[in-house]
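Right, one structure below, let's go through it.
The values are calculated or read from the model by the stated rules, or taken from the named source; none is laboratory data. Bear in mind that the values here come from a model prediction, so they are computed numbers and not experimental data. With ideal geometry, Cβ positions are generated from the backbone for all residues, glycine too; neighbour counts draw on all protein chains shown. Each accessible area value is taken on the protein alone, full model and side chains, heavy atoms only, with ligands, DNA and RNA left out. Shrake-Rupley method; radii C 1.70, N 1.55, O 1.52, S 1.80 Å.
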Amino acid sequence: MHRERTISGRKGERGVVLLLVAIVLLFVVGAMAVLAIDLVTFYTARSEAQLAADGAALAAARVLANSGTTSDPTDVILNVRANAEILATTVATQVAVQNKVGGRAGEVNVSFQGSGLGAGSNPRVTVQVTRNDLPTFFARIWGRTQVSVAATATAEAYNPSGFAASVSGGAPVAPICVKPWVLPNKNPNDSSDIFNATTGTIEPAALSLIGKDAPVSFVALCTNNCDPLPTPTKWQYYSGDPSSFPAPTQALPNCKVGLNPYQKSVAGCVQTPIACNSIVKLDISSQPNRNSDTAQAVNCLTHSEADNGDRVSVRPPNQSFQFVGGADNPVAAAIGKNVMVSDSLVTVPVFDSSVAWPPPGSPPSVQVIGFVQLFLNPDGEAAESSGQIKTTVVNLVGCGTTATGQPILGNGASAVPVRLISR
């Protein structure tokens, strides 16, 4: 008879192995968990740094876009590039430090690039946000008490007018919120043009319009018996046809009550982009109240009914533009403060007025060859019912009739698009 022999204590050893395996697994899982906490902290801080860099770069590029410097690629006439970069650096730093990285502000470095043909028309700003002392929690057991995170973003303010027609990259722009005032390509100061109708480059004499101390007033050219339309006259606009400038149905100001469709397209935002080099129609209907309607809509847009609208406080050539929120600005935090965005900033299309004028009949069509960015009612006071609208020219943006490529969508009321080009 065979008797099974057993080794004393074997069952006890099996219990010990299971216990050791459980302890090891607990240690490994715990180590992975605490490491994951540090990794999540690191990647969260990295994302925060990227958001801070993105916002700062875009804000700095917006300063450059609103400075007028993109209209003068060589900076010979306006001489505002250096001051614009100083202001852009200040704004970028303010935006970056407001976005915390791991619970506090990171270190901010701002630099500017631009060289070669047209570089002044599309200045680029690079912002780097760094946090070199981000504390660790559980990685300390391996002797690592701090880690570094950094993020970089480059933004561009793009103005195609600095490129010759043959230069690659001179794509047209397509801003939104364009006002239904179609201006002829005529310098209000002399007999020259604003843009070269073919290439879109800004004529030298037109640069003197930017930031001119004495605001230039413009008015509707035709209000009665508009067929045939009168001959184009400098700084007098034709009203755009509703088919090209449809009245917005949303994002209207508080004073929208009682506004007709034309006034809504002035006081509100026409969402349809108007591309440089595109064709728009002019309104040939008789509008005897056009001047008073325009003044009312402009005052509604600029919040200047009580003479307390936003205003321009500093003008080139000595400094970059600075805009100050008026007492009736709907954003309470903007009142009396320097602002980068104002409802008084608008974009108006310029058409090629050198071609033969359309004959009477159906609504005439004209070709857009550029845009002017205007600050309406620059002294903050209401426009008069006569329709004489005071303006300060902020930017000139030309594309010409030969611009090709996919249009670059503009940002709000600016014809100078601002975009991130690298991260």
Looking only at Cα atoms, what is the convex hull volume of the stretch 374-416 per residue, in Å³? 105 Å³
Each residue of the stretch 215-231 in order: what ³J(HN,Hα) in whole Hz does its phi give by Karplus 6.51 cos²θ - 1.76 cosθ + 1.60, θ = phi - 60°, with x for Gly and Pro? x, 8, 9, 10, 8, 5, 7, 9, 10, 9, 6, 8, 10, x, 6, x, 4
For the stretch 318-423, taking Cα atoms only, what is the radius of gyration to one decimal and the Dmax to the nearest whole Å? 17.5, 53
Label points 7 Å out from Cα along the Cβ direction at residue 205 and residue 107: separation in nm? 5.3 nm
Scaled radius of gyration (Cα, divided by 2.2 N^0.38 Å) that the stretch 213-287 gives: 1.22
Over the stretch 257-328, what per residue volume does the convex hull of the Cα atoms give, in whole Å³? 163 Å³
Other-chain or far-sequence residues with amide H under 5 Å of residue 237's (modelled H): 219, 220, 221
Net charge (Lys, Arg +1; Asp, Glu -1) of residues whose beta-carbon lies under 9 Å from that of residue 129, residue 129 excluded, is -1
Label-point separation in nm, residue 189 to residue 289, each point 7 Å along Cα→Cβ: 3.8 nm
Please state the Cα pair-distance histogram of the stretch 217-340 with 5 angstrom bins from zero: what percent is in each bin? 2, 10, 15, 18, 18, 17, 12, 6, 2, 0
Once the piece of chain linking residue 75 and residue 213 is laid out straight, how much longer is it, given 0.36 nm per residue of separation minus the C-alpha distance between them? 47.8 nm
Calculate one ³J(HN,Hα) per residue across the stretch 372-377 by plugging θ = phi - 60° into the Karplus curve 6.51 cos²θ - 1.76 cosθ + 1.60, and present them in order as whole Hz with x for glycine and proline. 10, 9, 10, 9, 7, 6
With a 1.4 Å probe and every protein chain left in place, tell me how much accessible area residue 353 has, in Å² to the nearest 10. 20 Å²
At R0 = 22 Å, how high is the FRET efficiency between residue 100 and residue 148 if r is their beta carbon distance? Nearest 0.05 is fine. 0.85
How high is the FRET efficiency between residue 249 and residue 386 when r is their beta carbon distance and R₀ equals 25 Å, given to the nearest 0.05? 0.25
